[in-house]
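Reading through the structure tokens given below for one structure.
The values are calculated or read from the model by the stated rules, or taken from the named source; none is laboratory data. What you see is a predicted model, and the numbers here were worked out from it, not measured in a lab. Methodologically, a virtual Cβ is constructed for each residue, glycine included, from the backbone with ideal geometry; neighbour enumeration extends over all protein chains shown. Side chains included, ligands, DNA and RNA excluded: accessible areas come from the protein's heavy atoms. Shrake-Rupley method; radii C 1.70, N 1.55, O 1.52, S 1.80 Å.
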Amino acid sequence: MQVVSLRSDAHAESEPLSGRKPASAMIEIDHVSQRFQTSGKQSHLALSDINLTIEDGAFVSILGPSGCGKSTLLYIVGGFVQPTDGVAKVKGKAITGPGPDRGPVFQEFALFPWKNVLGNVMYGMRQQGMKKAEAETRGRKLLEMVGLKGYENFYPKELSGGMKQRVAIARTLAYDPAVLLMDEPFGALDAHTRTRLQNDLLDIWDTQRKTVLFVTHSVEEAVYLSDKVIVMSRSPGSIKEIVDIDLPRPRKRADLLLDARFQKYIVDIEKMIDDGKDHL
Amino acid sequence: MTVRGVLKTLSPLFACIGLLCVWQIASLRLDTESFPTALESIKAIPSILGDKGSLLNILDSIRRMAIGLVLAVMFAIPLGLLMGRIKAVAAFFNPLMMIIYPVPKAALMPIIMLWMGVGDVSKILVIFLGVSLPIIYHAFQGSKAVEEKMLWSGAAMGMSAPMRMLRIVLPAALPEILTGCRTGLVLALITMITSEMIARQSGAGNILFNSLDMAQYDTVFAMILIIGAMGIIFDAAFEKLRLSLVRWSQPRDDMPLSFT
Ligand SMILES: Nc1ncnc2c1ncn2[C@@H]1O[C@H](COP(=O)(O)OP(=O)(O)O)[C@@H](O)[C@H]1O
Ligand SMILES: [Mg+2]
């Protein structure tokens, strides 16, 4: 397939496939700042005047040095942290707290250790009042999708890191959030598991087309997965650059690794991040 | 089970037998009236348990202990969990606990008796006080240690704060809470006996001291054996319950960890 569109909106290519209506804003971040009280009367500006719009169905990654406020930004969208300034909106409505329209996936997995794998996946659906039988059917289907068929009765303690993160992803997908908020979800995993999970995530995203906000430390991961990469800088945390990743989908890792455009994106973005370090 | 496994499970039994042997020999050697032999004491057990009055007294003790324990659990777990999650609650109760903690609860018994008489209420209250603190402490620690991201995950599923308390903080803190309850159970037994020694009216502690007054030393030692056995049985039964409730927090050891 050589029909490579040169439009900057990589996302548009998928439109004929899914027949979606023109992209509309899913998340709007409007002059958001976050100040944390540190010891004594001091305070630390973790985020400074962030403005960002994320379109419905887009896969957007956030990159930047640690401490630049990536997690904080994600938590604000999740409603777990209230910004000290500005507003964050989802589907045009100001975010006042967490809600099932935004599903988090954390690096620490945060599974419920007293529930087995199936119980974890069913948890959110049961909270939303879904009937047990229905939740179980859907739960089993999701577990199959993330490659955990046969592990339904295992407890989180009995799983490897990669398996735990699969459960966490299934648990979040289970209540069908419009937005996935992923904070370095593969950061604690070995390279092999990480690649597998990246591919699985892309497959899931291809079929479900959720809006994904994905924090990572890996430039390669960001370029591989995303429509858009947001590069942040530190002190104060702010958006340095937004790079549209204009690579065809569905993406195949083996092809991309040989693709000069893929390599150039990585080199360019790494340079941007390094530039930031010079100012320290 | 391997020979080693059998030995391991039987080791408490060996310890018991060893202790009884030492007792038997020591008492034969010393040969004083106030130190009956182990065999004499064991022989006195059936006559205590066979006596309807004594048996009712002991059951009465257990009843008070159970009531005190259940009340303490019902009070201490919610309080400890709230202290662990809400700073203001912790700020209010922590200093109070620091003051109450080192006071031997049995020392409060005379005052409580003065106000509430020598009946059940005083004894149950003392048991309640003795048991509550360790359970509050452990529930507090367990609740404080609950991973915030776990609560966030719950919030994203649409769970309200009280719901998260009940359905996330409580189960997540359960291993720690049950550790507190185990300490509480043993403390309940101790406080129960102590309260009956002070408010001499009924109960196992009363039988013990009455027989001491009447110089029935074999009964005294038999009662000590009975109370000790009660402690061991309660503790073992609770441990069994505890393990069945928190199996999820122990890894399954016969499980291969390989993946795909
Ligand atoms: N709850 C908090 N209280 C105080 N400071 C915080 C808090 N959360 C984050 N910070 C600070 O805000 C900055 C950004 O943190 P974070 O969003 O975790 O960065 P990143 O995820 O990019 O590594 C850091 O300097 C961090 O120390
Ligand atoms: Mg972070």
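Quick look at the values:
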{"item": "Filter on A:Lys89/A:Lys157; A:Lys93/B:Lys149; A:Lys91/B:Lys149; A:Lys115/B:Lys240 - keep pairs with C-alpha separation over 29 Å", "result": "A:Lys89/A:Lys157"}
{"item": "Area of A:Ile242 that stays accessible when all protein chains are in place (1.4 Å probe, Å², to 10)", "result": "80 Å²"}
{"item": "FRET efficiency, A:Asn199 to B:Tyr101 (Cβ-Cβ, R0 45 Å, nearest 0.05)", "result": "0.20"}
{"item": "Inter-site label distance for A:Lys252 and A:His31 at 7 Å from Cα along Cβ, in nm", "result": "5.0 nm"}
{"item": "Solvent-accessible ranking of A:Asp227, B:Asp31, largest area first, probe 1.4 Å", "result": "B:Asp31, A:Asp227"}
{"item": "With all protein chains modelled, accessible area of A:Lys149 [1.4 Å, Å²]", "result": "140 Å²"}
{"item": "Area of B:Leu39 that stays accessible when all protein chains are in place (1.4 Å probe, Å², to 10)", "result": "100 Å²"}
{"item": "The protein assembly as shown, accessible surface, carbon-and-sulfur percent (1.4 angstrom probe)", "result": "61 percent"}
{"item": "Protection proxy ranking of B:131-144, A:132-145, A:212-225 - average other beta-carbon atoms within 10 Å, highest first", "result": "B:131-144, A:212-225, A:132-145"}
{"item": "Solvent exposure ordering (accessible area, 1.4 Å, most first) of A:Tyr175, A:Tyr151", "result": "A:Tyr151, A:Tyr175"}
{"item": "Amide proton proximity set for A:Gly237, modelled H, under 5 Å, gap of 5+", "result": "A:Leu47, A:Ser48"}
{"item": "Positions from the range B:224-250 whose accessible area shrinks by 40 Å² or more when the full protein complex is built, not the chain alone, probe 1.4 Å", "result": "B:Trp248"}
{"item": "Cα→Cβ-extended label distance, 7 Å offset, between A:Gln42 and B:Glu147, nm", "result": "3.0 nm"}
{"item": "Value at 222 nm in deg cm²/dmol, rounded to 500, when DSSP H runs of n ≥ 4 in chain B each add -39,500 (n - 2.57)", "result": "-26500 deg cm²/dmol"}
{"item": "Accessible area in the full protein assembly, largest first, 1.4 Å probe, for B:Met98, B:Met159, B:Met214", "result": "B:Met98, B:Met214, B:Met159"}
